Amino acid sequence: RVAANHGTYATANSAPGSSGNARSQAYALATVRHFTAVEALLTSYQTESHDARGDAEMASWARALLSQTRLLLDSPAAADPARQRLLQDLELVLVQMTQLSPANTPIDREMIDGSVRHSDVITRLRTAVPAGVATHLQ
């Protein structure tokens, strides 16, 4: 759980002022921002028309988010087992999305859609980001 603490965000049960707490806050903030960005990508993917220009933009966006996902997987942010599983599932979906191109067939898109549905990543992303926090992060 994330709570406001004099303009910063602290995890519940953390002692203010400790260096471990500051590091934990930084990873929590980075993770929330990342999850919000991935949710925006997945929502855009589901609602946008699929054309050559859109596919190129989605693939580029997915590549940037894939790099961030891998960095978070290799960081203390992945210490939480549920967060680690979500990051791993996001990694799979983002790898698939980096391959978007005009040459894709409907089967390629079905693989992405199936990965999103099977792992329920959008719901899990929304659950992982506390309501209102992403819009108030500085």
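The values are calculated or read from the model by the stated rules, or taken from the named source; none is laboratory data. None of these values were measured; they are calculated from a predicted model. Backbone-built Cβ (ideal geometry, glycine too); neighbour counts: all protein chains shown. We work out accessible area using only protein heavy atoms, side chains counted, and drop any ligands, DNA or RNA first. Shrake-Rupley method; radii C 1.70, N 1.55, O 1.52, S 1.80 Å.
For this structure, a couple of remarks:
- From the alpha carbon centroid of segment 116-130 to that of segment 41-91 is 12 Å.
- Extension gain, ASP120 back to ALA52 (0.36 nm per residue minus Cα-Cα distance, nm): 21.8 nm
- Multiplying the residue separation of SER75 and THR127 by 0.36 nm and removing their Cα-Cα distance gives an extension gain of 16.6 nm.
- For segment 59-128, alpha-carbon Rg and Dmax in angstrom: 12.6, 38
- Cβ-defined net charge surrounding SER75, 13 Å radius [Lys, Arg +1; Asp, Glu -1]: +1
- Using the Cβ of HIS118 as centre and a radius below 15 Å, the other residues enclosed give a net charge of -1, where K and R count +1 and D and E count -1.
- Estimated distance in nm for a label pair at THR43 and GLU91, the labels positioned 7 Å out from Cα along Cα-to-Cβ: 2.6
- Cα→Cβ-extended label distance, 7 Å offset, between MET111 and GLN99, nm: 0.2
- Area of THR98 that stays accessible when all protein chains are in place (1.4 Å probe, Å², to 10): 20
- Taking SER67, SER119 and ordering them by how much accessible surface each has at a 1.4 Å probe, largest first, produces SER67, SER119.
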